[in-house]
Structure formats: structure tokens, C-alpha cells
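Novice: One structure coming up, written as C-alpha cells, with questions to follow.
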Amino acid sequence: MKVTTNQKLLQQRSQLVRWTSMVGLMVLGGGLIASFNEAYYFWSLPALLIGFVLANISAYNANRYVREPRADLALERALRGFDNNYHLFNYTAAAPHVLLTPSRLYVITAKRQEGVIRKQGARWKRNFSLKRVFLFLNEEGLGNPTQEALSDAEKLRAQLRKVLSEDLPPIEPLVVFIHPNAALEMEGTSGSEYDGVPAMLAKDLKKYLRSQPKGTLLSAEARRRLTEVLQGDVV
């Protein structure tokens with residue numbers, strides 16, 4: 001399988017994490033010192049707010065681009081074994097992770113939450129734990145993976161429409177939980193597909209893809225054009 005990853009973006013986000021973390025700690029420390037001095041006490045609240053914002057920026061980028069399991073590496077491991085007709089693009093297109101297959105595109109929305117994750121109707125939930133309370137800044141919220149996946153697929157579709165005049169290949173959204181300690185409990189249905197969006201653990205991704213209908217094969221020219229756009233050669 002071929003893999004194209006925007007290493008420059010990963011390096012930039014890693015540097016951003018370091019700088020926002022360091023500056024945030026300095027600002028929070030300065031605010032703490034100012035709170036003990038009546039002459040500078042009014043600076044303590046702005047310092048607290050700025051430090052909190054920087055901490056959130058640092059945590060968000062660390063979770064997405066630095067901390068293990070990092071999404072691009074987890075997906076690459078999960079898809080290992082496919083031939084070169086499969087091409088995974090990470091952080092190079094309008095959607096973070098796109099898999100080009102012989103007949104279609106999959107937009108993969110990777111979620112790194114661990115523990116039990118439940119899908120009840122249209123709602124996603126996680127089990128409560130004290131660990132999450134104490135580490136709330138270090139973990140990205142679950143949100144609604146279904147809506148996120150649909151949004152990612154639409155962003156990619158809009159990008160391709162701008163630069164490709166021919167009909168677009170099928171674009172299908174997937175939700176993949178990449179943490180090795182994640183567990184899914186889907187209620188109200190016997191399958192893994194909800195609201196038109198399949199959801200699965202990373203270890204089941206390859207099996208799911210192999211079970212899908214072959215579909216109409218993309219021509220060599222169509223694959224070439226799609227690859228150019230997906231790897232960022234065409235804006």
C-alpha cells in the first residue's frame with residue numbers, strides 16, 4: 001500500500017504544541033505570582049484566561065498530531081497488507097485521512113478515545129471515569145463522530161468538484177476508533193452502520209474494506225488525477 005503523509009504539517013503542529021505549552025505555563029506562572037502582589041493583582045485573571053486558551057490549543061494539537069496512537073500511523077498499521085492499488089493520504093487533502101481504492105474513495109474520520117464508546121440512536125456516549133475528569137485538557141472530546149465523518153466527506157467532495165470536471169467516484173465516510181483499548185457498543189441495530197456511516201475499530205478496518213462490493217474500477221487516468229489532487233499537487 002502507498003502512503004502519503006504531510007510531514008511538514010506534522011512538524012509544524014509539533015512545534016506549535018511545544019511553544020504553546022511552554023508559553024502557557026509561563027503565563028500561568030506569571031499570573032500566579034501576580035495574584036500574591038496587590039500592585040499587579042489585576043493581571044492575574046487575564047493571565048489565567050490566556051494560559052487556559054494556550055493550554056487548550058496545545059492539548060488539541062497534541063491529541064491530533066503528536067500523541068500516540070497517532071492517527072496516520074495507526075491507520076497505516078491497520079491497512080498494512082493491501083497492494084499499491086490502495087493509497088492512504090494523511091493531512092494532504094480537505095479531509096484529514098483519505099483512502100483511494102481501486103473503485104472509490106473512503107474518507108476516514110479517526111477517533112482516538114479509549115474505553116467503552118456507545119452509539120444510541122443518533123447519540124454517541126462514553127462511560128464516565130475519574131481519569132477523564134482529571135485529564136480533561138489532555139483528551140479530545142468524542143463529539144458526534146457520525147456528523148464529523150459526513151462533514152469530512154462533504155469537504156473532500158467540494159474540493160474535488162472544484163478541480164475535476166469528470167464525474168466523481170463514490171466517496172464514502174467511515175468512523176474508525178484507533179486506540180487499542182477502545183470498545184464499541186452499538187445499540188438498536190445488528191450491524192456497524194449508523195446514519196449511513198459505518199463505525200468500527202481499527203483492527204476491523206481491513207476486514208470491512210475487503211467485504212465491500214468491488215464496484216466499477218477507476219481508470220488509470222482518473223486515479224492519476226485523483227492522486228494529484230489528494231496529495232496536494234493541484235489546488
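Please treat every number below as a calculation from the coordinates, not as lab data. Note that the structure is a prediction, hence the values are computed from the model and not measured. All Cβ positions, glycine included, derive from the backbone under ideal geometry; neighbour counts span all protein chains shown.
Novice: Go ahead and run the numbers for FRET between Arg18 and Glu38, Cβ-Cβ distance against an R0 of 30 Å, rounding to 0.05.
Specialist: Computed FRET efficiency for Arg18 and Glu38: 0.30.
Novice: May I pose another question? Would you work out which of Phe42, Ala110, Leu218 lies farthest towards the positive end of the dipole of the chain, given +1 charges on the beta-carbon of Lys and Arg and -1 on that of Asp and Glu, about the Cα centre?
Specialist: In the chain, that residue is Leu218.
Novice: Then there's this: How large is the dipole of segment 49-172 about the Cα centre if only Lys and Arg carry +1 and Asp and Glu carry -1, each at its Cβ, rounded to the nearest 20 debye?
Specialist: 520
Novice: A follow-up question, please. What does the charge count around Thr5 come to, taking other residues whose C-beta lies under 14 Å from its C-beta (Lys +1, Arg +1, Asp -1, Glu -1)?
Specialist: In short, +4.
Novice: Of Leu10, Asn61, Leu32, whose Cα points farthest to the positive end of the dipole of the chain (charges on the beta-carbon: +1 Lys, Arg; -1 Asp, Glu; origin at the Cα centre)?
Specialist: Positive-end residue among those listed: Leu10.
Novice: How long are the three semi-axes of the equivalent ellipsoid for segment 2-65, computed from the Cα gyration tensor as the root of 5 times each eigenvalue, in whole Å, largest first?
Specialist: 34, 8, 6
Novice: Going by C-beta contacts inside 10 Å, put Arg18, Arg64 in order with the fewest on the left.
Specialist: Placing the least packed residue first, the sequence is Arg18, Arg64.
Novice: Could you work out the helix-only [θ] at 222 nm for the chain, with each DSSP H run of four or more residues adding -39,500 (n - 2.57) and the total divided by the number of residues, to the nearest 500 deg cm²/dmol?
Specialist: After summing the helix terms and dividing by the residues of the chain, the value is -14000 deg cm²/dmol.
Novice: Another question, if that's okay. What shape does the chain have by the C-alpha gyration tensor, where a ≥ b ≥ c are the square roots of the eigenvalues, rounded means a/c under 1.5, and otherwise prolate means a/b greater than b/c and oblate the rest?
Specialist: Prolate.
Novice: How high is the relative contact order of the chain, given as a whole-number percent (alpha carbon pairs under 8 Å, six or more residues apart)?
Specialist: Across the chain, relative contact order equals 21 percent.
Novice: Among DSSP bridges having both ends in segment 71-230, what percentage is antiparallel? Round to the nearest 5.
Specialist: If I count the DSSP bridges inside segment 71-230, around 45 percent turn out antiparallel.
Novice: Let me ask something additional. Mind checking the dipole of the chain: about its Cα centre, +1 per Lys or Arg Cβ, -1 per Asp or Glu Cβ, Debye to the nearest 20?
Specialist: 420
Novice: Which residues' amide hydrogens lie under 5 Å from the amide hydrogen of Val3, considering only partners 5 or more residues apart or on another chain, with H built in the peptide plane?
Specialist: Leu88
Novice: Which far-off residues, 5 or more places away or on another chain, put their amide H under 5 Å from the one on Lys111, with H placed in the peptide plane?
Specialist: Val176, Phe177, Ile178
Novice: Listed highest first by mean packing, meaning other Cβ atoms within 10 Å per residue, what order do 80-86, 19-25 come in?
Specialist: The densest-packed peptide leads the list: 19-25, 80-86.
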